[in-house]
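The values are calculated or read from the model by the stated rules, or taken from the named source; none is laboratory data. The model shown is predicted, which means the values in this text are computed figures rather than measured ones. Please note: Cβ atoms are built from the backbone with ideal geometry, for glycine as well, and neighbour counts cover all protein chains shown. To get the accessible areas, we keep the full protein, side chains included, count just its heavy atoms, and leave off ligands, DNA and RNA. Shrake-Rupley method; radii C 1.70, N 1.55, O 1.52, S 1.80 Å.
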Amino acid sequence: SKLAALFEHPLYNIPIPEVTEKDKLFVVNPMEKFSLHSSGSDGWVSSSKAETLLPTGKTAYDTYPTWLKFHVGINRYELYPRRDPLLPTLLRDLAMQRIISSVQKSGGTQLKLIMTFPNYGQALFKPMKQTRDQETPIDFFYFSDFERHNAEIAAFHLDRILDFRRIPPVSGRLVNITKEIRDITTDKKLAKTFFISPAGNVCFYGECSYYCSTEHALCGKPDQLEGSMAALLPDKTLAKRRSWRSPWRRSYHKSKKAEWELNPNYCAQVRQTPPYDRGHRLLDLIDMTILDFLMGNMDRHHYETFEKFGNDTFLLHLDNGRGFGTHSRDEPSILAPLQQCCSIKKSTYLRLQLLATQPYRLSDLLREALAADPLAPILAEPHLRALDRRLGKVLAVVAYCLAR
């Protein structure tokens, strides 16, 4: 396994700083036991006699479902550890756990569902919009592109191979539209949008600002529909997140250009503006830029951080559905922050160099990681080959910067 060899490499074993109580997203009371039989709707029972309720040798933490252990493990430095023993179980839960509720997620241009499991875990479901071998038409603007379920799955694994670990775990899943959405939804607006197509397939379209109409309906075969299931982050009432506008955000206008596209010295301006004037925030943004360039994602207008950790923490790489839309062309403008600032983390640069070598070739690693997903193959081969070409271009930009 090339993947196993990669994670054994010294560059993937650089220790993170010691995690203190203030570096944890949640400080858990070791006496607090998780119980599905509590009277409260949130599934918690708290008791000073918790230990007497537990089997011998077990701690309260052992009673937590996997999604809760994932939430409890989040800290200032990483969303989940490199060698996370929970990851296979969490991915399996996303793919296999019984769905007891499906409701539409509000906001956004496209339909997304929040699905709930019997153990109170929740996942964000993005349905299949186009086939693996379809490319985004060349005349499409980036903001009118579809979100792809397979891009969400591939982005999670790519982010992990780059050792960023800033995307919540995602698994593919085949969902039965009738039994796992229509028959169990309590969302009246969503329920009104189901119909049977002329081909006899079960379809629905939901309510949203852009792609929710009969013309853009999602149809099963006859009621089986592929989608991505992403583990939800802790509720914002429990762990506030701050949304930041990206300085290299596109104009989202058919003819206007953004300032960074017109001003070659734009980075000097950014470097003087908080939060980019200190710490590693700008370098983290450049990490995200490299991830986006590798998957061809032009739609990164905002990013989020956990408020508790202030400026000194990682960026969450959420919403990656507009990646992997094209393999036959690259979009150099995505790399503008790297080109204009000529800055990169040393650890990121060394890992990128490693991923360009034969034993650790990026396309081979991602192919291996995606082969274990229930919906494999996730990416068409040309997309995997494009990764190696794009990685070469990232390294060429860094080489140009070094030469300067």
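Of 323, 348, 124, which is farthest towards the positive pole of the chain's charge dipole, taken about the Cα centre with +1 and -1 on the beta-carbons of Lys, Arg and Asp, Glu respectively?
Checking the options against the dipole of the chain, the answer is 348.
To the nearest 20 debye, what charge dipole does region 226-318 have about its Cα centre, counting +1 at the Cβ of each Lys and Arg and -1 at the Cβ of each Asp and Glu?
Around 380 debye, computed over region 226-318.
Looking only at 244, 260, 67, which one moves most when the chain is put into a Gaussian network model with springs between Cα atoms under 10 Å?
244
With a 1.4 Å probe and every protein chain kept in, tell me what percent of the accessible surface of region 87-403 is carbon plus sulfur.
54 percent
Filter the GluC sites (Glu not before Pro) in region 167-274 down to the DSSP loop ones having no more than 16 other Cβ atoms within 10 Å, then list what survives.
Within region 167-274, the qualifying GluC sites (Glu not before Pro) (loop, at most 16 other Cβ atoms within 10 Å) are 207.
Provide the packing ranking of 167-178, 150-161, i.e. peptides ordered by the mean count of other C-beta atoms within 10 Å per residue, highest first.
With the highest mean Cβ count within 10 Å placed first, the list reads 150-161, 167-178.
Averaged per residue, what accessible area in Å² does region 226-288 show with a 1.4 Å probe, protein chains only?
57 Å²
Anyone know which of 91, 352, 262 comes out most mobile in the 10 Å Cα GNM of the chain?
The residue with the greatest mean-square fluctuation here is 262.
In the neighborhood of residue 301, defined by Cβ-to-Cβ distances under 9 Å, what is the net charge if each Lys or Arg adds +1 and each Asp or Glu adds -1?
Value of the local net charge: +3.
Where Lys and Arg each count +1 and Asp and Glu each count -1, what net charge lies around residue 275 among other residues with Cβ under 12 Å from its Cβ?
Summing Lys and Arg as +1 and Asp and Glu as -1 gives +2.
Determine how large the accessible area of residue 11 is when every protein chain is in place; take a 1.4 Å probe and give Å² rounded to the nearest 10.
Here the residue's solvent-accessible area equals roughly 30 Å².
Is there a pair in 105/126; 257/393; 33/69; 254/393 whose C-alpha atoms are over 19 Å apart, and which pairs would that be?
Beyond 19 Å between Cα atoms: 257/393; 254/393.
Can you pull out the trypsin sites (Lys or Arg not before Pro) in region 340-401 whose DSSP state is coil and whose Cβ has at most 16 other Cβ atoms within 10 Å?
345
Hey, which aspartates and glutamates would be in cross-link range of residue 24, C-alpha to C-alpha under 14 Å, not counting anything within fewer than 8 residues on its own chain?
78, 307, 312
Pick from 235, 388, 373: which is most flexible by mean-square fluctuation in a GNM of the chain where alpha carbon atoms under 10 Å apart are linked?
In this elastic network of the chain, the residue with the biggest mean-square fluctuation among 235, 388, 373 is 235.
Using unit Cβ charges (K, R positive; D, E negative) and no other charged atoms, how large, in debye to the nearest 20, is the dipole of the chain about its Cα centre?
About 500 debye.
Could you sort 59, 136 by accessible area so the largest value comes first, with the probe set to 1.4 Å?
59, 136
Could you state how much accessible area residue 342 has, in square angstrom rounded to the nearest 10, with a 1.4 Å probe and all protein chains kept in place?
50 Å²
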